[in-house]
Amino acid sequence: MSRIRVPRTGPGRPRTRPLAVLADRAYSSRAIRAHLRRRGIRAVIPQPSDQVGHRLRRGRLGGRPPGFDSEAYKQRNSVERCINRLKQWRGLATRTDKLAIAYQAALHLAGILIWTRR
């Protein structure tokens with residue numbers, strides 16, 4: 001999250017805080033939601049059924065369910081398809097590189113080749 005840079009259309013330094021984070025059910029922990037809330041980032045993360053059950057079982061003490069924007073969540077599909085396309089590269093899918101910089105270089109190379117083929 002700390003390395004995110006979103007360039008501005010006009011002058012000014014890039015934004016380091018996204019408007020929203022789209023994630024799947026695996027990232028629905030209390031700690032992740034609290035971190036995003038502290039930074040003022042909207043979390044679009046569905047709640048797993050077991051967490052819903054635990055919250056409902058506690059009754060009023062379970063608290064209010066977290067907000068969820070289903071239309072924004074549908075945008076995850078294009079991101080997931082891009083990641084799956086990158087994972088067609090065996091080195092990226094298996095993460096066999098020992099150094100993070102080598103993995104990042106392979107990621108950039110795969111992205112460039114995918115972009116040029118379109």
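Screening residue 59 with (1) open to solvent by less than 60 Å² (accessible area, probe 1.4 Å); (2) within 20 Å of the chain's Cα centre (by Cα); (3) not β-branched (Val, Ile, Thr) gives one miss only, at (2). Filtering region 90-113 to residues that are open to solvent by less than 90 Å² (accessible area, probe 1.4 Å) and under 21 Å from the mean Cα position of the chain (by Cα) leaves 92, 93, 94, 100, 103, 104, 105, 106, 107, 110, 111.
Using beta carbons and a limit of 6 Å, which pairs, at least six apart or on different chains, have the first residue in region 67-95 and under 15 Å from residue 106 (Cβ atoms) and small (Gly, Ala, Ser) and the second one modelled with pLDDT of 85 or more and open to solvent by 90 Å² or more (accessible area, probe 1.4 Å)? Listed pairs, sorted by first residue: 93/87. Checked against the criterion of being more than 25 Å from residue 2 (Cα to Cα), out of contact with any Leu (no Cβ under 7 Å at 6 or more places or on another chain) and of a type in the set (D, E, K, R), the candidates 33, 37, 25, 118 yield just one match: 118.
List the helices (runs of 4 or more DSSP H) that sit entirely inside region 1-89 and contain at least 3 residues that are of a type in the set (D, E, K, R) and at negative phi.
Output list reads 30-39, 49-57, 76-86.
Residue count for region 17-40, restricted to those that are of a type in the set (Ser, Thr, Tyr) and open to solvent by less than 60 Å² (accessible area, probe 1.4 Å): 2.
The values are calculated or read from the model by the stated rules, or taken from the named source; none is laboratory data. Since the model is a prediction, treat every value here as computed from it, not as a measurement. FYI the Cβ positions are ideal-geometry reconstructions off the backbone, even for glycines, and counts take in every protein chain you see. What goes into the accessible areas is simple: the full protein's heavy atoms, side chains included, and nothing from ligands, DNA or RNA. Shrake-Rupley method; radii C 1.70, N 1.55, O 1.52, S 1.80 Å.
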